[in-house]
Amino acid sequence: MNRAALYFTAPGLIEIREEPLPPPLPGKVLVRTLLSAVSAGSELLAYRGLCPPDLPLDGTIPSLRGKCTFPMKYGYALVGRVTALGDGVPGEWQDRTVFSFHPHETAFAADIAELLPLPAGLSPEEALFLPNLETAVSLVMDGEPVIGEKAVVFGQGVVGLLTTALLAMHPLADLLAVDRHRPRREASLKAGARAVFDAADPDLAAALMDRLRDGEGREGADLAVEISGAPEALDQAISVTGFSGRIVIGSWYGIKPVRLDLGGRFHRSRIRMIASQVSTISPRFSGRWTKARRLGLAWSLLKKVDAARLVTQRFPFAHAREAYDFLDRQPERCLQVILQY
C-alpha cells in the first residue's frame, strides 16, 4: 500500500511524493485523510524557508519532532477516517472520523492516543479549526482581560479573528483590530471588533491613541495581542499600549529580525510583554488547567465562533502547489485554505 505525502523541498517549492505505507502495527490504526488545513502562519514560514533550522517543528507532536530543514513534512490540522485497526485496538475505532495534529498526506498510521474523535454534530471542516481556536484560547488566557479594559488585536488572519471573537465575549470597554487587508478588517467587525484600522496607515499609532484616550487622563490600550506575524506590528503594539499595560506576543517571526523602539516611552511605561505559545500551559494556570482541559474548551467553542465561515479556498490535494502559491502571493484574498482528499 502506498500514500501520497506533501514535502517542502526548498523555499517556495513543494513536492507530492509516493511512499510505502505498511499495515498498522499493534495498538495503531490506519487513517485515510479527508481534509487538511494550510496554516498561513507558521506553515507559511516553513514554506518560505524562514523558520530556524535548529528548532524542532513542534517537539510536543510526535509527527513533527524533526528539524525545520528541507526536505520536510509539515502541517498540523487534519481530519480523516479510520479504515483499518492494528491488533489490540478496540473495534469501536473502525470508521471513526478523527482529528489529528499531522502533516498533509493521504493516509497515515497513528497511535489512538494521537487521535481525537470528532464530537457529535461537528463537521470535518469545523474540526480543522481546532488548533487555531486552541491557540486563540491560549492567547486570551495569557492576556487575562479584565472587565472594562480596552484591547487591540494586531493581525486578523484566522488566529487573530478567532482571538477577536473570544475577546468580544468579554465585557470590554473597547475592542479594536488592526490588519492591512480590507477583507480581514471586514471579517473582524463581524467577529466582534468595535472598530478596525489599516496596519499600513502611516498615522496608525495616532489614530489608535485617539480612540484609546479617555476623559480621565488615561491613554493607550490595557491589553494588546500581536498575532500578525509582522515584526513591525510588535513595535506598533508597544507604541499604543498604556502604562502598566500588557502585550501578548502570539506571532512566530522565525528568522525575520525584530527591531523595537525601546528608548522612548517604553522605558518608563512598565509595559509587560508576554510570550504566548500554545504547546504549553502558563505556570499561572497550570495548577488547575491542563492541555486536555484547554482543548476541551476549544472543542466547545468551535460552533459559537462559527469558525467554518473563515474558509475562503478549497483545493484538491493534487493541486497543493497552487494552494501554497495562492496563499503566498495573494494573502489579501485568503483566510483559511483547505486541501481536499
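What's the number of the condition Ser228 fails, among (1) surrounded by fewer than 17 Cβ atoms within 10 Å (Cβ to Cβ); (2) in the same structural domain as Gly143 (by TED's automatic domain parsing)?
The one condition Ser228 does not meet is (1).
Test of understanding: among Tyr74, Tyr47, which residue is in a helix (DSSP H, G or I), touching a residue at least 12 places away in the same chain (Cβ under 8 Å) and aromatic (Phe, Trp, Tyr)?
Among Tyr74, Tyr47, only Tyr47 is in a helix (DSSP H, G or I), touching a residue at least 12 places away in the same chain (Cβ under 8 Å) and aromatic (Phe, Trp, Tyr).
Here is a yes/no grid of residues against (1) in contact with a helix residue (DSSP H, G or I) (Cβ under 6 Å, 6 or more places away or on another chain); (2) within 23 Å of Pro331 (Cβ to Cβ); (3) not charged (D, E, K, R):
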{"residue": "Pro20", "(1), (2), (3)": "no, no, yes"}
{"residue": "Pro23", "(1), (2), (3)": "no, no, yes"}
{"residue": "Arg32", "(1), (2), (3)": "no, no, no"}
{"residue": "Leu45", "(1), (2), (3)": "no, yes, yes"}
{"residue": "Leu50", "(1), (2), (3)": "no, yes, yes"}
{"residue": "Asp54", "(1), (2), (3)": "no, no, no"}
{"residue": "Lys67", "(1), (2), (3)": "no, no, no"}
{"residue": "Ala77", "(1), (2), (3)": "yes, yes, yes"}
{"residue": "Ala84", "(1), (2), (3)": "no, no, yes"}
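Filter segment 91-108 down to residues that are outside any strand (DSSP E or B) and out of contact with any helix residue (DSSP H, G or I) (no Cβ under 8 Å at 6 or more places or on another chain) and give me whichever is surrounded by the most Cβ atoms within 10 Å (Cβ to Cβ).
The selected residue is Arg96.
Residue by residue through segment 26-60, note down the ones that are of a type in the set (S, T, N, Q) and closer than 21 Å to Glu15 by Cα.
Thr33, Ser36, Ser39, Ser42
Mind telling me which of the residues Ser282, Ser251 ends up being surrounded by 12 or more Cβ atoms within 10 Å (Cβ to Cβ), assigned to a loop (DSSP other than H, G, I, E, B), small (Gly, Ala, Ser) and more than 16 Å from the chain's Cα centre (by Cα)?
Just one listed residue meets the conditions, Ser282.
If we keep just the residues of segment 254-279 that are under 29 Å from Ala37 (Cβ atoms) and of a type in the set (Val, Ile, Thr), which is farthest from the chain's Cα centre (by Cα)?
It comes out as Val258.
When only residues in segment 38-68 that are modelled with pLDDT under 90 and charged (D, E, K, R) count, which is farthest from Ala110 (Cα to Cα)?
If we take residues in segment 38-68 being modelled with pLDDT under 90 and charged (D, E, K, R), then Asp54 is farthest from Ala110 (Cα to Cα).
In segment 327-341, is there at least one residue being part of a loop (DSSP other than H, G, I, E, B) and within 20 Å of Thr33 (Cα to Cα)?
Checked against the condition, which is being part of a loop (DSSP other than H, G, I, E, B) and within 20 Å of Thr33 (Cα to Cα), segment 327-341 yields at least one hit.
Here is a yes/no grid of residues against (1) in contact with a Phe, Trp or Tyr (Cβ under 8 Å, 6 or more places away or on another chain); (2) surrounded by 15 or more Cβ atoms within 10 Å (Cβ to Cβ); (3) of a type in the set (A, V, I, L, M):
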position: Ile247; (1), (2), (3): no, yes, yes
position: Ser269; (1), (2), (3): yes, yes, no
position: Met273; (1), (2), (3): no, yes, yes
position: Arg288; (1), (2), (3): no, no, no
position: Trp299; (1), (2), (3): no, yes, no
position: Asp328; (1), (2), (3): yes, no, no
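Considering every residue within segment 21-35, establish whether at least one is under 19 Å from Asp111 (Cα atoms), assigned by TED's automatic domain parsing to the domain that holds Thr106, hydroxyl-bearing (Ser, Thr, Tyr) and modelled with pLDDT of 95 or more.
yes
Looking only at segment 109-163, count every residue that is part of a loop (DSSP other than H, G, I, E, B) and within 24 Å of Gln330 (Cα to Cα) and tell me the total.
So the count comes out to 5.
In this structure, does Gly287 turn out to be over 19 Å from the mean Cα position of the chain (by Cα), in a loop (DSSP other than H, G, I, E, B) and modelled with pLDDT of 95 or more?
yes
List the number of the failed condition for Glu114; all other conditions in (1) surrounded by fewer than 17 Cβ atoms within 10 Å (Cβ to Cβ); (2) outside the structural domain of Val225 (by TED's automatic domain parsing); (3) charged (D, E, K, R) hold.
(1)
So which of Leu223, Leu204, Leu295, Leu212 is touching a helix residue (DSSP H, G or I) at 6+ places or on another chain (Cβ under 8 Å), modelled with pLDDT of 95 or more and not assigned by TED's automatic domain parsing to the domain that holds Val158?
Just one listed residue meets the conditions, Leu295.
Hey, any hits in segment 114-134 for a residue that's touching a Gly at 6+ places or on another chain (Cβ under 8 Å), at negative phi and in contact (Cβ under 8 Å) with a residue 40 or more places away in the chain?
Checking segment 114-134: not a single residue is touching a Gly at 6+ places or on another chain (Cβ under 8 Å), at negative phi and in contact (Cβ under 8 Å) with a residue 40 or more places away in the chain.
The values are calculated or read from the model by the stated rules, or taken from the named source; none is laboratory data. Only a predicted model underlies this, so the values are computations on that prediction, with no experimental measurement involved. Backbone-built Cβ (ideal geometry, glycine too); neighbour counts: all protein chains shown.
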